[in-house]
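The values are calculated or read from the model by the stated rules, or taken from the named source; none is laboratory data. This is a predicted model, so every value here is computed, not measured. Glycine also receives a Cβ, built like all others from the backbone with ideal geometry; neighbour counts cover every protein chain displayed.
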Amino acid sequence: MRDYIWHLDVDPSIRLISPYPMEIEYQTFDRYGPNGTATHIPTLGILKMDGTVIYSDVVTEAILKEQWYRRRRMPLLEAAYADQFGASYSILTELAIHIQPRMDNVRRLWRDNRTKAPEAMRAVRRVVDGHDGTATTVGSLVDMIGWQDREVAVACILQLAIAGEINIELGRPISEGTTVSFPIVDAGED
């Protein structure tokens, strides 16, 4: 579960993570129709910035094989969470959490989020704030910043990605060639 929390920790769309958030009661069925109710407490409740809620169970593949009934009752839980809370439900295993290169990228984001370099961050912000908004790469931004320690500049850029101020591509290993795009800011109506 720790690795999944790392994914959530560096995702700027996540507002709140709650372990074992609530118990839900749902209808169970057998081959003749409804046969009673059961309760369930998910491993995590996740509130996203846009207000959507996701309830997840994080289990290993070995446990999922041993507890075969989890897959069978998944559609019941999906329906119950959607009906009662307007939320989604999922079961995650290490196969989804450790997919590469995303997991290595998450580890790098998590590690670089601990870098503290206020002057470098100010230099990065000046370049990012003054950028025209077209897609670029991490290396190009570092070149524009002109900071003597490239690794520190890259760490500051990645911290802005974690904060949601820029977007980076996570489908390939993070490098100076990683694509950087800028979120579209909705000016709203006056």
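Structure notes:
- Of residues in the stretch 24-48 being modelled with pLDDT under 95 and in a loop (DSSP other than H, G, I, E, B), the one farthest from I97 (Cα to Cα): Y32
- Subset of the stretch 176-190 that is in a loop (DSSP other than H, G, I, E, B) and surrounded by 11 or more Cβ atoms within 10 Å (Cβ to Cβ) - its residue that is modelled with the lowest pLDDT: P183
- Of the residues contained in the stretch 153-173, one or more are found to be part of a helix (DSSP H, G or I) and touching a Pro at 6+ places or on another chain (Cβ under 7 Å).
- Residue satisfying condition, being under 27 Å from M1 (Cα atoms) and touching a strand residue (DSSP E or B) at 6+ places or on another chain (Cβ under 7 Å), within set A161, A96, A155, A135: A161
Table: residues versus (1) basic (K, R); (2) part of a helix (DSSP H, G or I); (3) assigned by TED's automatic domain parsing to the domain that holds Y89.
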position: L8; (1), (2), (3): no, yes, yes
position: D11; (1), (2), (3): no, no, yes
position: I17; (1), (2), (3): no, no, yes
position: D50; (1), (2), (3): no, no, yes
position: K65; (1), (2), (3): yes, yes, yes
position: M74; (1), (2), (3): no, yes, yes
position: A79; (1), (2), (3): no, yes, yes
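- Among the residues of the stretch 86-112, those that are surrounded by fewer than 16 Cβ atoms within 10 Å (Cβ to Cβ), in a loop (DSSP other than H, G, I, E, B) and of a type outside the set (G, A, S) comprise H98, I99, Q100, P101.
- Options M144, M121; residue that is free of Cβ contacts under 8 Å to residues at least 60 places away in the same chain, assigned by TED's automatic domain parsing to the domain that holds E176, within 26 Å of I5 (Cβ to Cβ) and part of a helix (DSSP H, G or I): M121
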